[in-house]
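*Asks:* What follows is a single structure, and I will ask about it in a moment.
Readers should treat all values here as calculations from the given coordinates under stated rules, not as data from a laboratory. This one's a predicted model, so the numbers in the text were calculated from it and none came from an experiment. Using ideal geometry, Cβ is built from the backbone for each residue, glycine included, and neighbour counts are taken over all protein chains shown.
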Amino acid sequence: MENTATQKYTFKDFASDQEVRWCPGCDDYVILRAMQKALPEMGVKRENVVFISGIGCSSRFPYYMNTYGMHSIHGRAPAIATGVKLANPELSVWVVTGDGDAMAIGGNHFIHVLRRNIDLNIVLFNNEIYGLTKGQFSPTSLVGQKTKSSPYGNTQPPFEPGELAIGAQARFFARIAGNQPKEMTEVFIKAEKFKGTSLIEVLQNCVIFNDNCYAKYTDKDVREDKQLFVEDGKPMIFGKNKDKGLILNGLKLEVVNLGENGITASDILVHKANEKDPTLHQMLARLKYPLVTGIIRSFEDVTLGEREEALTAQVKANSNFKKTDDLFFSGETYNVK
Amino acid sequence: MISTKEKLQPEVLEAVVIRFVGDSGDGMQLTGTQFSDTSAMFGNDVATFPNYPSEIRAPQGSLYGVSGFQVHIGSVEISTPGDQVDLLVAMNPAALKTNLYAVKPGHTIIVDTDAFDRKSLEKAQYKENPLTDGSLENYRVIEVSMTSLTKESLKEVEGLDNKTITRSKNMFALGMVYWMYHRDTEHTIAFLNKKFKNKPPVLEANTKVLNAGYYYAETLELIPNAYAIAPAKMNPGTYRIIMGNTATAWGFLAAAEKSGLELFLGSYPITPATDILHELVKHKHFGVKAFQAEDEIAGISSAIGAAFAGDLAITTTSGPGLALKGEAVGLAMMLELPLVIVNVQRGGPSTGLPTKTEQSDLLQALYGRNGESPVIVIAASTPANCFNFAYEACRLALEHMTPVILLTDGYIANGSAPWKVRSVSEMPNINTNLVKHASEDWHPYDRFEDTLARNWAIPGTPNLEHRVGGLEKDKVTGNVSYDPENHQEMVLIRAEKIRRVQDNIPDLTTEFAESGDLLVVGWGGTYGGLHTAVKQIHESGYKNIGFAHFNYINPLPENTENVLRRFKKILVCELNNGQFVKVLKVNFENLNIAQFNKIQGLPFSNDELIQQFKNQL
């Protein structure tokens, strides 16, 4: 099967005929449009694109995409997507999930799909709340956060998705704000091109149950000062005036001001996404000031599919069994006359 | 090689049950397998059952470290591994202590006397040596210094360590039993040549000890006579001895080849189902994709993904695993995708008795999901027909676009019997519902009129892009629908779809009598025991007793009610607390129906069945 699209698509080709039913103002609309714009740029045939979701607001996503899709059960999308990809390695497989779906009920599948490095893409809509069930704390909700199931404040410390993912050997991790569609589109395209499991965390605002949860990082007037958008091969400089940067002080990342204490641009850490050692990527994922966005880790490694295919080819080449009859009638058989 | 021609005329028997028992490291599984294979090749009908300790490396000589293998061979039809044994070969005191109960009074026990030292007796919790305290006087005990004789026969073989020498004593026992039952050593010698091709000293040791055991038995005056079991009458053809779990795996291989689909297995290890995974992972040469998942749910979920993408998808498990998979079975039912779920049943509830057999997951298979979620449920009934029913599960899943639960159990899964090898060319056709081209008004839930199965459009097919999901869907477009009447209609359509499978499965048949006073009813893995017992009582003069065994449980064969009403009374025999009997009672009113239930993790014994039948007549 030739997987490269010869036909030129537009974003409309990827929109289904279903009416989109998220709450007005939800970042999910931004993500949907960014995906529909990214797909024509990926060069994949529409019939080879599969979206698999679990349960939650985000998981309605496949219904709105004019591709193959499955709205499955809570937390299981990574496992289902694994089966899809193993069955047909030609497919471009996408998992759409949320913080509860991926890291609470589906936590086991989430870490194992990353560990195996199967070539599929996961878009994690992180809004730090359960939306579809109307406002309970999630595994990424903050301590003290008041929700319907934590009226006096949440007592459970949150996961940092990037930290968890990289700990589970994620080779590709990107974080992107829900109000930055252009950057999001680019990250989606790069995730598709990446060979291996790609995880994209979208900081997605829930206008109903957790409004403005990321405002201090993502509002237009603060984001340049509060976010560091990393790019491979470039120094980690941020701020409206490009006057702040990250250096490594001992085992800690430290924010410094360029021009102060003799610090120049050459002192600033240069981002290397394709670094095997995940230590610095982990530190970047954990950092709260600045909040690091962009592609934090993109380390090309052998995929599960490649290992499986190589092994299958080797076994086939060394085997005399071509048909089941060869097996059934081989070895310890005997004849009754 | 030793030829049987040189020997004296032996006593002729119809059937015999032999149990080899010893320490986990004594090689009893191999010994038993060799004896059963040799007998099968001689032409006997054969059934075997292994009995492993649940501990992986139990302390040597301990009661819970005893490993056994039972072989039932005959010149007559053999349907079970047998209840009581005619010959017990016990390699140590613990093996004797834990298996003596099974020996028929007056029958033979062979022991390795060298293993009955004070330490081993203590480990087996014997206060007195049973060989000398008179406690075995009701048996014919043949005492053999097997370890010493093994060492003696190997004193001139070079390059052997002590461990290898001691470990070959199982061949001494096997040699003796071969002589006693008038068997050639030819097959085993060929087997040893292959197994120890690269270890000449080990090959020489095993061959020498096997022959030593054979000649020892021949010259030993303690063994008064040898026995012969003539070949059984079996249909001509190529046979092999196959274990139930292997047969299940091979049925899937055959179905994949016949349907032209690639086989995908998503599985998580669980006793006693894991051997199906072990078998299928070997067959990458057929393109089998066997995926060991992170848990039971991922096992079935990956299979659902593979089914969506167009593979023949399987997941294998046992009772607790089926419980975990329940929600996903419901999803597959709702998506109307072909999927086979194997449940190799074991003793429940909860963790229960993992290494023992039971039939207590029937109601779970039928009803263990939320909402109205009917699926096909079928059950294999012998080690060999696990092949047919694994194949049949695939055929029905693909032709009816539905999950199929295939029930087997620990007893038939680990048991082995002769299988008349089937070529894929002899197997029934499998028609998939794959669709390649779309008409203008194509919808993913368009159904075939006869089966109500939907069509199967797989990713990669242009212009058939569509979405499926667990939400209720519109009966025409397949889009999400919350419409009340549509929901009711869809529930009824999904139920009717399963009912119509009746048109694609064989009628229920009866054995021994078509009508009469009593119909013995069973399902699944109890076939061998029930068949043997009904046959026996029938032959002893009870001509009004019939036997009906179910392999198809949902839906039931169309003629089920007709068959049941031809008998005055029905006795449903199950290894549970009465599950299939409930199904029959709910489906058919006013049957004169009784039940016999055994819940001990063990199969029915012949005696208890005969007693029950007599009580009912």
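*Asks:* Only sites in a loop by DSSP and with at most 14 other Cβ atoms within 10 Å count here; which trypsin sites (Lys or Arg not before Pro) in region B:406-443 make the cut? Show your work: numbers first, answer last.
*Replies:* Values: sites: B:K420, B:R422, B:K436; in loops: B:R422, B:K436.
Passing sites in region B:406-443 are B:K436.
*Asks:* Counting other Cβ atoms within 10 Å of each Cβ, which chymotrypsin sites (Phe, Trp or Tyr not before Pro) in region A:106-215 have at most 14 and sit in a DSSP loop?
*Replies:* On the way: sites: A:F110, A:F125, A:Y130, A:F137, A:Y152, A:F159, A:F172, A:F173, A:F188, A:F194, A:F209, A:Y214; in loops: A:F137, A:Y152, A:F159, A:F194, A:F209, A:Y214.
The qualifying sites are A:Y152.
*Asks:* With the dipole of the protein assembly as shown worked out from charges on the C-beta (+1 for Lys and Arg, -1 for Asp and Glu) around the Cα centre, which of B:P93, B:A533, A:I295 lies farthest toward the positive end?
*Replies:* Result: A:I295.
*Asks:* Moving on to the next point. Under 25 Å between alpha carbons, and skipping anything fewer than 8 positions from A:K244 in its own chain: which lysines qualify?
*Replies:* Qualifying lysines at Cα under 25 Å: A:K182, A:K216, A:K220, A:K226, A:K234, A:K252, A:K272, A:K288.
*Asks:* For chain A, what class follows from the C-alpha gyration tensor (a ≥ b ≥ c being the square roots of its eigenvalues): rounded when a/c is under 1.5, otherwise prolate if a/b is larger than b/c, else oblate? If you can, show how the numbers build up before the last one.
*Replies:* Details: a/c = 1.87, a/b = 1.54, b/c = 1.22.
Because a/c hits 1.5 or more and a/b exceeds b/c, chain A counts as prolate.
*Asks:* Can you work out D for region B:520-617 in µm² s⁻¹ from Stokes-Einstein, where Rh is the Kirkwood radius over C-alpha pairs, the temperature is 20 °C and the viscosity is 1.002 mPa s? If you can, show how the numbers build up before the last one.
*Replies:* Numbers: Rh = 13.7 Å.
Approximately 156 µm²/s, per Stokes-Einstein.
*Asks:* Just to confirm the number: angle between the C-alpha axis of helix B:606-616 and the first principal axis of chain B, 0 to 90 degrees, nearest 10?
*Replies:* Tilt relative to chain B: about 50 degrees.
*Asks:* OK, next. Can you tell me which lysines have their Cα less than 26 Å from the Cα of B:K497? Leave out same-chain residues fewer than eight positions away.
*Replies:* Cα-Cα hits under 26 Å: B:K258, B:K325, B:K436, B:K473, B:K475, B:K582, B:K585.
*Asks:* Tell me, what ³J(HN,Hα) does each residue in region A:128-140 have, in order and in whole Hz, if you take phi through Karplus 6.51 cos²θ - 1.76 cosθ + 1.60 with θ = phi - 60° and put x for Gly and Pro?
*Replies:* 6, 6, 8, x, 4, 8, 6, x, 9, 5, 10, x, 10
*Asks:* Specify the angular offset, from 0 to 90 degrees and rounded to the nearest 10, of the alpha carbon long axis of helix B:319-335 from the longest principal axis of the alpha carbons in chain B.
*Replies:* Here the helix axis deviates by roughly 30 degrees.
*Asks:* Can I ask one more? If amide hydrogens are placed 1.01 Å from N in the peptide plane, which non-local residues have theirs closer than 5 Å to the one on A:S150?
*Replies:* The answer is A:F137.
*Asks:* Let me ask something else. Considering only Cα-Cα distances, which of the following residue pairs are longer than 30 Å: A:K85/A:K190; B:K123/B:K169; B:K282/B:K420; A:K316/B:K420; A:K322/B:K208? Write out the running numbers ahead of the final one.
*Replies:* Numbers: A:K85/A:K190 19 Å; B:K123/B:K169 21 Å; B:K282/B:K420 22 Å; A:K316/B:K420 27 Å; A:K322/B:K208 38 Å.
As for pairs spanning more than 30 Å Cα to Cα, those are A:K322/B:K208.
*Asks:* In addition: Taking a quarter of the surface of the convex hull around the Cα atoms of the protein assembly as shown, what do you get in nm²? All intermediate terms of the calculation are to be shown ahead of the outcome.
*Replies:* Working: hull surface 188.9 nm².
Mean shadow area of the hull around the Cα atoms is 47.2 nm².
*Asks:* While we're here: Quote to one decimal, in nm, the extra length available between A:K234 and A:V207 on full extension: 0.36 nm per residue of separation minus the C-alpha distance between them. Let's see the in-between values first.
*Replies:* Working: separation 27, 0.36 × 27 = 9.72 nm, distance 3.44 nm.
Taking A:K234 through A:V207 to full extension adds about 6.3 nm, to one decimal.
*Asks:* Rank A:H71, A:A317, A:L246 by how far each Cα sits towards the positive end of the charge dipole of chain A (+1 on Lys, Arg Cβ; -1 on Asp, Glu Cβ) and give me just the farthest.
*Replies:* Final value for the positive-end residue is A:H71.
*Asks:* For the pair A:D277 and A:K242, what calculated FRET efficiency results from E = 1/(1 + (r/R0)^6), where r is the Cβ-Cβ distance and R0 = 41 Å, to the nearest 0.05? Each step should come with its number before you reach the end.
*Replies:* On the way: r = 28 Å, r/R0 = 0.68.
FRET efficiency, A:K242 to A:D277: 0.90.
*Asks:* Between beta-carbons, use under 15 Å as the cut-off and find the net charge around B:D295, counting Lys and Arg +1, Asp and Glu -1. Could the numbers behind the result be given before it?
*Replies:* Working: positive: A:R76, A:R115, A:R116, B:K325; negative: B:E294, B:E296, B:E327.
Local net charge: +1.
*Asks:* Counting only helical runs of four or more DSSP H residues, what would the 222 nm mean residue ellipticity of the protein assembly as shown come to if each run contributes -39,500 (n - 2.57) and the total is spread over all its residues?
*Replies:* Details: 30 runs with 308 residues, N = 954.
-9500 deg cm²/dmol, from helical runs alone.
*Asks:* Work out how far the C-alpha atoms of region A:145-272 reach from end to end along every principal axis, then list the three figures in whole Å, largest first.
*Replies:* That gives 51, 38, 31 Å along the principal axes, largest extent first.
*Asks:* Based on alpha-carbon positions alone, could you give the equivalent ellipsoid semi-axes of region A:41-120 from the gyration tensor, as √(5λ), descending, whole Å?
*Replies:* 20, 15, 9
*Asks:* If you wrap a convex hull around the alpha carbons of region B:110-164, what volume per residue comes out, as a whole number of Å³? Don't jump to the answer; show the numbers that get you there.
*Replies:* On the way: hull volume 4.8 nm³, N = 55.
So the per-residue hull volume is 87 Å³.
*Asks:* Quick one: which residues, 5 or more positions from A:M65 or on another chain, have an amide H under 5 Å from its amide H? H modelled 1.01 Å from N in the peptide plane, none for Pro or chain starts.
*Replies:* Residues meeting the amide H criterion: A:S16.
*Asks:* Placing one identical point scatterer on every Cα of chain B and ignoring solvent, what is log10 I(q)/I(0) from the Debye formula at q = 0.09, 0.10, 0.12 Å⁻¹?
*Replies:* -0.78, -0.93, -1.22
*Asks:* What is the distance in Å between the Cα centres of region A:185-250 and region B:400-442?
*Replies:* That distance is 51 Å.
*Asks:* Ok, one more. Give, in nm to one decimal, the length gained when the segment between A:E90 and A:R286 is fully stretched (0.36 nm per residue of separation minus the Cα-Cα distance). Walk me through the numbers on the way to the answer.
*Replies:* Numbers: separation 196, 0.36 × 196 = 70.56 nm, distance 3.46 nm.
Roughly 67.1 nm would be gained on extension.
*Asks:* Let me ask another. Tell me which aspartates and glutamates have Cα within less than 16 Å of B:K356's Cα, excluding those fewer than 8 residues away on the same chain?
*Replies:* B:E55, B:D83, B:D275, B:D409, B:E574
*Asks:* A further question on this structure: Using θ = phi - 60° and the Karplus form 6.51 cos²θ - 1.76 cosθ + 1.60, what ³J(HN,Hα) does each residue of region B:539-548 get, whole Hz, x for Gly and Pro?
*Replies:* So the Karplus estimates, Gly and Pro as x, are 5, 7, x, 7, 7, 9, 10, x, 9, 10 Hz.
*Asks:* A:E128's amide H: which non-local residues (gap 5+, or another chain) put their own amide H closer than 5 Å, with H modeled 1.01 Å from N in plane and none for Pro or chain starts?
*Replies:* A:D99
*Asks:* In Å, what is the Rg of the alpha-carbon atoms in region B:240-426, and how long is Dmax?
*Replies:* Values for region B:240-426 (Cα only, Rg and Dmax): 14.6, 44 Å.
*Asks:* For helix B:244-259, report the angle its Cα long axis makes with the longest principal axis of the Cα atoms of chain B; keep it between 0 and 90° and round to the nearest 10°.
*Replies:* Tilt relative to chain B: about 40 degrees.
*Asks:* Separate question: Go ahead and run the numbers for FRET between A:N320 and A:S266, Cβ-Cβ distance against an R0 of 51 Å, rounding to 0.05. Intermediate results must be reported in sequence, preceding the final value.
*Replies:* Working: r = 63 Å, r/R0 = 1.24.
In this case the efficiency is close to 0.20.
*Asks:* Next question, about the same structure. Can you run phi through the Karplus equation (6.51, -1.76, 1.60; θ = phi - 60°) for region A:110-125 and list ³J(HN,Hα) in whole Hz, with x for Gly and Pro?
*Replies:* Values per residue, Gly and Pro as x: 4, 6, 6, 5, 5, 4, 6, 6, 7, 7, 9, 10, 10, 9, 9, 7 Hz.
*Asks:* A follow-up question, please. Could you tell me which of rounded, prolate or oblate describes region B:4-229, using a ≥ b ≥ c as the square roots of the eigenvalues of the alpha-carbon gyration tensor, with rounded for a/c under 1.5 and, failing that, prolate when a/b is larger than b/c and oblate otherwise?
*Replies:* Working: a/c = 1.36, a/b = 1.04, b/c = 1.31.
Note, shape of region B:4-229 comes out rounded.
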